[in-house]
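Chemist: Take this structure first; my questions come after.
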Amino acid sequence: MIAVDPRIETPPYQQIFEQVRAAIERGSLTPGTPLPTVRQLAGDLGVAPNTVARAYADLQDAGWLVSEGRRGTRVASKTPAADRRARSHALAEACARFADSLRHRGYSRSEIAAELSRLLGS
Amino acid sequence: MLNWDVLLDRWCLGLFLVGFGLWLTIGSSQFADLRRYFRASERTPELDAALGRRQTMEAIPLAAWFVPGIFNVLLGIAVLADRLAGVAGYGIGVCAFALSLGLAYLRMRNNGVRRAAALQPRTLTSIVPMWWYPAAAVMSVAPLAYGDVPGYTLASICVCAASVVTFALAALSNTMVALMTGENPEAELRVEQRLRCARVKGLFAVSMGVPFVFFATFCASIVPLYMGLGAIRLHKAP
């Protein structure tokens, strides 16, 4: 299941890209699993078909998906394992930026940690 | 002595239309309540919240059931008063019902803010097997074979139109956009799948059931069979 949040700065095609990739990495989408058509996913998410087409094209370029013409799009049988490192690196960077922005707004380290702990349920 | 044709055409179909209309009218608030698709034991506060959001997104008015219900009652009264032939009343009644279903579908399809999707392809055979389509298609156009029978022309066209519309709605509902906000993906996906499955099967049943009742009125011999089936159902253990 994926969702597009129009309130965040990340463009919708990037959100789709990240979530599909995360689903493959988690194992929710196994190799060979067929994906919805561009039209179906665009309709469900309420975005333009070009947005989904771009996300699918990027995922294919990155080796996560394969297009089988009329048979649709499937999860690639060999997904790029090296990308896991890039993903954790991207997460670390995003967290660092988020923490910095909160510190600039005057929140202390303990306040941020407490709120994040509450949100994440730990 | 009461003529069998009069009994079948006027009284059976007249009372059927009145009963069907009352069922739609009285049950309109219940039909609009999406909680009926889930048993009480399945329901949780999260699921109820997802159903509430879904109901808001769909925004199907009570009139979708109420208006064809009242219309069918009026048709039934016209048939009972011998102002309208029973089969013609039945044809017009099911046409009105199919039209109402079509409008409800269009309203549902064009309403709501959609932000979430399941990563599963939806195909025509996701819910029902492929053989249902030719079966429903044949059943939908079969009433036209009675088009040249005196007194059945209007009814056969109306029944065919109603059946074709509901058949098309069943096929379209199979691949219709998912209505999910993404607030609670798990519950919303459950609601989405249950509603889609129930509606597609329900629409297929209607598209095949509408011509079946029409054939039953033509072949009066099917009526005793109906009664037999009813008796079996009545004596079934609870």
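The values are calculated or read from the model by the stated rules, or taken from the named source; none is laboratory data. As the structure is a computational prediction, the values presented were derived from the model and not from experiment. Note that we place each Cβ from the backbone using ideal geometry, even for glycine, and neighbour counts take in every protein chain shown. For the accessible areas, the whole protein counts, side chains as well, though only heavy atoms, and no ligand, DNA or RNA atoms are used. Shrake-Rupley method; radii C 1.70, N 1.55, O 1.52, S 1.80 Å.
Chemist: Within region B:134-160, work out how many residues are part of a helix (DSSP H, G or I) and open to solvent by 40 Å² or more (accessible area, probe 1.4 Å).
Modeler: To start, the set of residues in region B:134-160 that are part of a helix (DSSP H, G or I) comprises B:134-146, B:153-160.
Subset that is open to solvent by 40 Å² or more (accessible area, probe 1.4 Å): B:134, B:138-139, B:141, B:144-146, B:153-154, B:157.
Residues meeting the conditions: 10.
Chemist: Also, quick follow-up: I'm checking my understanding of the structure. Among residues of region B:8-50 that are more than 23 Å from the chain's Cα centre (by Cα) and of a type in the set (G, A, S), which one is farthest from B:V210 (Cα to Cα)?
Modeler: B:A49
Chemist: Still on this model: Evaluate the following for A:V75: is it surrounded by 11 or more Cβ atoms within 10 Å (Cβ to Cβ) and in contact (Cβ under 8 Å) with a residue 24 or more places away in the chain?
Modeler: Working: surrounded by 11 or more Cβ atoms within 10 Å (Cβ to Cβ): yes; in contact (Cβ under 8 Å) with a residue 24 or more places away in the chain: yes.
In short, yes.
Chemist: Further question: Which residue, of B:D9, B:D82, is assigned to a loop (DSSP other than H, G, I, E, B), among the charged types (D, E, K, R) and farther than 30 Å from B:A178 by Cβ?
Modeler: The conditions single out B:D82.
Chemist: Mind listing whichever residues of region B:112-133 are exposed (fewer than 15 other Cβ atoms within 10 Å of the Cβ) and touching a Gly at 6+ places or on another chain (Cβ under 7 Å)?
Modeler: B:V113
Chemist: So which pairs qualify, if the first residue must be in region A:29-40 and more than 9 Å from chain B (Cβ to nearest Cβ), the second must be modelled with pLDDT of 90 or more and surrounded by fewer than 16 Cβ atoms within 10 Å (Cβ to Cβ), the Cβ gap must be under 8 Å, and the two must be at least 6 apart or on different chains?
Modeler: Taking only residues 6 or more apart or on different chains, the pairs are A:V38/A:P49; A:V38/A:A53; A:R39/A:P49.
Chemist: In region A:42-58, how many residues are closer than 25 Å to B:M176 by Cβ and touching a residue at least 12 places away in the same chain (Cβ under 8 Å)? Lay out the reasoning, then the answer.
Modeler: Kept after step one, since they are closer than 25 Å to B:M176 by Cβ, are these residues of region A:42-58: A:42-56.
Among the residues that remain, those that are also touching a residue at least 12 places away in the same chain (Cβ under 8 Å) are: A:45-47, A:51-56.
Number satisfying all stated conditions: 9.
Chemist: Turning to a different aspect of this structure: State which residue pairs qualify: first residue under 23 Å from B:F97 (Cα atoms) and modelled with pLDDT of 85 or more and inside region B:47-63, second residue hydrophobic (A, V, I, L, M, F, W, C) and surrounded by fewer than 16 Cβ atoms within 10 Å (Cβ to Cβ) in any location, beta carbons under 9 Å apart, and separation of 6 or more residues or different chains.
Modeler: From residues that are under 23 Å from B:F97 (Cα atoms) and modelled with pLDDT of 85 or more, the pairs are B:M57/B:V113.
Chemist: Let me ask something additional. Name the residues in region A:1-56 that are within 26 Å of B:M57 (Cα to Cα), of a type in the set (K, R) and either surrounded by 13 or more Cβ atoms within 10 Å (Cβ to Cβ) or in contact with a Phe, Trp or Tyr (Cβ under 8 Å, 6 or more places away or on another chain) (or both), would you?
Modeler: Residue satisfying the conditions is A:R39 alone.
Chemist: Restricting the search to region B:3-38, which residues are among the charged types (D, E, K, R), open to solvent by 60 Å² or more (accessible area, probe 1.4 Å) and modelled with pLDDT of 80 or more? Quick ask: steps written out before the conclusion?
Modeler: If we filter region B:3-38 for residues that are among the charged types (D, E, K, R), which is where we start, we get B:5, B:9-10, B:33, B:35-36.
Right, trim to open to solvent by 60 Å² or more (accessible area, probe 1.4 Å) and you get B:5, B:10, B:35-36.
Within region B:3-38, B:R10, B:R35, B:R36 qualify.
Chemist: Tally the residues that are of a type in the set (K, R) and assigned to a helix (DSSP H, G or I), restricting the search to region A:34-80.
Modeler: We begin by selecting, within region A:34-80, every residue of a type in the set (K, R); these are A:39, A:54, A:70-71, A:74, A:78.
Among the residues that remain, those that are also assigned to a helix (DSSP H, G or I) are: A:39, A:54, A:70-71.
Residues meeting the conditions: 4.
Chemist: Any idea how many residues of region B:84-131 are more than 14 Å from chain A (Cβ to nearest Cβ) and either touching a residue at least 12 places away in the same chain (Cβ under 8 Å) or touching a Leu at 6+ places or on another chain (Cβ under 6 Å) (or both)?
Modeler: Taking region B:84-131 as the starting set, the residues that turn out to be more than 14 Å from chain A (Cβ to nearest Cβ) are B:84-107, B:127-131.
Filter once more, so that each one left must be either touching a residue at least 12 places away in the same chain (Cβ under 8 Å) or touching a Leu at 6+ places or on another chain (Cβ under 6 Å) (or both): B:85-105, B:107, B:127-128.
Counting residues in region B:84-131 that are more than 14 Å from chain A (Cβ to nearest Cβ) and either touching a residue at least 12 places away in the same chain (Cβ under 8 Å) or touching a Leu at 6+ places or on another chain (Cβ under 6 Å) (or both) gives 24.
Chemist: So, one more: Under 7 Å between Cβ atoms, which residue pairs at least 6 apart in sequence (or on different chains) link something in region B:172-184 that is assigned to a helix (DSSP H, G or I) with a partner that is of a type in the set (K, R)?
Modeler: Sorted first by the residue in region B:172-184, then by its partner, the pairs are B:S173/B:R196; B:S173/B:R199; B:N174/B:R122; B:T175/B:R122.
Chemist: Can you tell me which residue among A:A62, A:A90, A:A76, A:A55 is touching a helix residue (DSSP H, G or I) at 6+ places or on another chain (Cβ under 6 Å) and within 28 Å of A:P36 (Cβ to Cβ)?
Modeler: Numbers: A:A62 fails: touching a helix residue (DSSP H, G or I) at 6+ places or on another chain (Cβ under 6 Å); A:A90 fails: touching a helix residue (DSSP H, G or I) at 6+ places or on another chain (Cβ under 6 Å); A:A76 fails: touching a helix residue (DSSP H, G or I) at 6+ places or on another chain (Cβ under 6 Å).
None of the other options fit; the residue is A:A55.
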